[in-house]
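Have a look at the structure below, then the notes.
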Amino acid sequence: MTTRSIKNILQTEDFGIQLKVQGWVRSFRSNRFIALNDGSVQGNLQLVIDFTQFEESFIRRIAVGAAIEAEGILIASQGSGQTMELQVSKLTILGDCDPSTYPLQPKKHSLEFLRQIAHLRFRTNTFGAIFRIRHTLSFAIHEFFNSRGFYYLHTPIITASDAEGAGEMFQVTTLDLNNIPKNEDGSINFKEDFFERPANLTVSGQLEAELAAMALSKVYTFGPTFRAENSNTPRHLAEFWMIEPEVAFADIHDNMNLAEDLLKYVIQKVMTDCSDDLKFLNDRELEDEKQKPLAERNELSLLERLRFCVENNFERISYTEAIDILKNSNPNKKGKFQFPVEKWGTDLQSEHERYLVEKHFKKPVILSDYPKEIKAFYMRQNEDGKTVAAMDILFPGIGEIVGGSQREERLDKLESRMIEMHIPTEEMHWYLDTRKYGSCPHAGFGLGFERLVLFVTGMTNIRDVIPFPRFPGNAEF
Ligand code: 4AD
Ligand code: MG
């Protein structure tokens with residue numbers, strides 16, 4: 001007899017068939033009804049047992065969380081709440097679960113509590129839904145790029161460069177920290193380190209992706225990135241996944257179109273393929289919102305937000321236009337912003353991004369042409385001498401979800417900007433070579449994967465959309 005997943009059983013409705021299932025007990029009531037879940041779908045399969053067939057000591061072992069295997073006949077259910085049930089003829093307990101210490105019960109646990117037991121939280125409806133959606137999103141991302149002729153590129157995780165020039169890197173070393181080899185002048189002798197030079201975990205695969213795009217034309221990376229920024233916020237992780245396409249012969253407008261198409265494609269894909277999980281998260285949010293004051297509630301439900309995002313064009317405006325809107329906005333005039341917007345040139349804070357998206361335009365916004373002082377060295381300098389061809393995409397409830405730009409392809413301009421920004425040009429000879437040998441206009445962006453999962457699931461803390469979050473002071477599990 002073949003074992004079938006609960007997803008397969010619920011879909012096919014093969015009544016009258018003898019089959020075998022395995023999973024974990026979600027609830028057990030009246031010594032008769034087991035709700036079984038195997039993680040393949042949101043739904044449970046109802047197992048019906050005839051308790052007179054089993055010893056009492058065996059029945060007691062059918063506890064919430066126990067792993068079991070059951071064989072029986074699938075029949076249409078008489079009861080309400082499910083369309084089918086398995087009439088069990090054989091039941092085996094594969095792994096007991098001690099109810100006196102098992103932390104999960106068939107009731108709603110707080111997300112804070114579940115974060116402390118991240119090794120077990122997969123077993124809840126909420127986290128099952130989140131991680132199935134996370135899977136669907138990553139698969140859809142590969143599908144999108146593959147169908148458009150992009151090549152998936154694996155960029156290094158250990159690098160010697162700081163792609164963003166922000167100095168937020170985790171160092172990688174095999175030196176004995178209790179006995180660090182020193183040069184005569186007292187500096188650290190990195191010649192004795194593993195790579196014979198300082199090395200760190202990558203903050204972005206962009207620079208390497210640019211090298212590949214200069215030959216393969218269209219590439220993308222999808223890998224982990226690491227940032228040692230001390231931001232204890234619901235939107236920052238120290239280890240997160242990023243998708244970074246890089247396209248030769250493309251400008252900033254092509255870049256915006258690509259990013260908007262990608263976001264719409266993957267969101268639509270989840271709406272089509274994960275409707276049960278989305279509906280569960282949608283209802284969960286509606287339930288939660290009832291506890292909140294009216295002003296803090298979402299104007300649209302999760303499903304409405306996703307649909308809105310897929311069906312409407314993103315608003316495209318320049319940084320300069322955004323500053324004007326913010327300067328004249330009510331919260332700015334009334335001193336409601338924690339960081340008041342006064343002059344052109346200041347970096348936007350997440351409160352400003354969210355005002356633009358959630359209050360002013362009420363739709364995703366693509367902001368472009370930022371002051372060069374607040375952006376990375378590699379962005380293409382605009383004719384005005386003040387701004388660069390940067391583009392960020394801002395999403396409701398999230399703020400920045402995408403950061404990208406057209407790249408500076410002119411060697412002289414790139415070199416002088418690097419010198420101005422104290423980026424070591426000799427060490428980056430390999431990057432500059434692409435501008436010496438067959439340089440061409442090109443552009444790319446980085447999509448923060450967890451911020452995307454956050455938006456699509458409607459969760460509010462980024463620590464809840466990655467299996468094992470890394471943030472300051474936390475690397476348990
Ligand atoms: O804007 P960022 O820093 O851009 C880059 O790294 C470029 N090299 C990308 C490129 O052009 N190829 O980061 C890109 C995105 C952000 O928009 C955000 O969604 C996400 O990565 N991100 C983070 N997500 C979670 N935790 C953090 N600490 C993040 N920092 C950035
Ligand atoms: Mg950014």
### Query
With Thr221, Thr233 as the choices, which residue is of a type in the set (Ser, Thr, Tyr), surrounded by fewer than 23 Cβ atoms within 10 Å (Cβ to Cβ) and in the same structural domain as Thr159 (by TED's automatic domain parsing)?
Thr233
### Task
For the stretch 205-219, indicate whether the set of residues that are within 12 Å of ligand 1 (Cβ to nearest atom), in contact with a Ser or Thr (Cβ under 6 Å, 6 or more places away or on another chain) and of a type in the set (Gly, Ala, Ser) is non-empty.
yes
### Entirely in the stretch 263-337, the helices (runs of 4 or more DSSP H) that have 3 or more residues that are among the aliphatic types (A, V, I, L, M) and touching a helix residue (DSSP H, G or I) at 6+ places or on another chain (Cβ under 8 Å)
302-311, 319-327
#### Entry: Selection from the stretch 236-262 of residues that are within 25 Å of Glu408 (Cα to Cα) and aliphatic (A, V, I, L, M)
Met242, Ile243, Val247, Ala248, Ala250, Ile252, Met256, Leu258, Ala259, Leu262
### Task
Kindly provide the set of residues from the stretch 110-142 that are touching a residue at least 60 places away in the same chain (Cβ under 8 Å), surrounded by 14 or more Cβ atoms within 10 Å (Cβ to Cβ) and not hydrophobic (A, V, I, L, M, F, W, C), ordered by number.
Arg115, Arg123, Asn125, Thr126, Gly128, Arg132, Arg134, Thr136, Ser138, His142
### Query
Residues of the stretch 463-477 being part of a loop (DSSP other than H, G, I, E, B) and either within 13 Å of ligand 1 (Cβ to nearest atom) or among the polar types (S, T, N, Q) (or both), which ones?
Val465, Ile466, Pro469, Arg470, Pro472
### Task
For residues that are within 14 Å of ligand 1 (Cβ to nearest atom) and in contact with a strand residue (DSSP E or B) (Cβ under 7 Å, 6 or more places away or on another chain), scanning just the stretch 151-161, find the one that is farthest from Val203 (Cα to Cα).
Leu153
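If I ask for residues that are of a type in the set (Ser, Thr, Tyr) and either more than 16 Å from ligand 1 (Cβ to nearest atom) or at pLDDT below 95 (or both), which ones from the stretch 431-459 would you list? Walk me through it before giving the result.
In the first step, residues of the stretch 431-459 are kept if they are of a type in the set (Ser, Thr, Tyr); the result is 431, 434, 437, 439, 457.
Passing the criteria: Tyr437, Ser439.
Going by the structure shown, is Pro424 in contact with a Pro (Cβ under 8 Å, 6 or more places away or on another chain) and more than 11 Å from ligand 1 (Cβ to nearest atom)?
Numbers: in contact with a Pro (Cβ under 8 Å, 6 or more places away or on another chain): no; more than 11 Å from ligand 1 (Cβ to nearest atom): yes.
It is false that Pro424 is in contact with a Pro (Cβ under 8 Å, 6 or more places away or on another chain) and more than 11 Å from ligand 1 (Cβ to nearest atom).
Looking only at the stretch 245-256, decide whether some residue is without any contact (Cβ under 8 Å) to a residue 60 or more places away in the chain and part of a helix (DSSP H, G or I). Step through it out loud before you land on a result.
Of all residues in the stretch 245-256, those without any contact (Cβ under 8 Å) to a residue 60 or more places away in the chain come to 253.
Those still in the list that are part of a helix (DSSP H, G or I) too: 253.
Looking for residues that are without any contact (Cβ under 8 Å) to a residue 60 or more places away in the chain and part of a helix (DSSP H, G or I), one finds at least one in the stretch 245-256, hence yes.
Here is a check on your reading of the model: is His253 within 16 Å of ligand 2 (Cβ to nearest atom) and either at pLDDT 95 or above or touching a strand residue (DSSP E or B) at 6+ places or on another chain (Cβ under 9 Å) (or both)? Even if it seems obvious, please write down each step before you answer.
On the way: within 16 Å of ligand 2 (Cβ to nearest atom): no; either at pLDDT 95 or above or touching a strand residue (DSSP E or B) at 6+ places or on another chain (Cβ under 9 Å) (or both): yes.
When the stated conditions are applied, His253 does not pass them.
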### Query
What are the residues in the stretch 134-153 that are part of a loop (DSSP other than H, G, I, E, B) and either hydroxyl-bearing (Ser, Thr, Tyr) or touching a helix residue (DSSP H, G or I) at 6+ places or on another chain (Cβ under 9 Å) (or both), if any?
Arg148, Phe150, Leu153
### Query
What tally of residues in the stretch 1-37 results from selecting those that are under 14 Å from Thr124 (Cβ atoms) and under 29 Å from the mean Cα position of the chain (by Cα)?
3
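The values are calculated or read from the model by the stated rules, or taken from the named source; none is laboratory data. Here the structure is a predicted model, which means the values were calculated and not measured. As a convention, Cβ positions derive from the backbone with ideal geometry for all residues, glycine included, and neighbour counts pool all protein chains shown.
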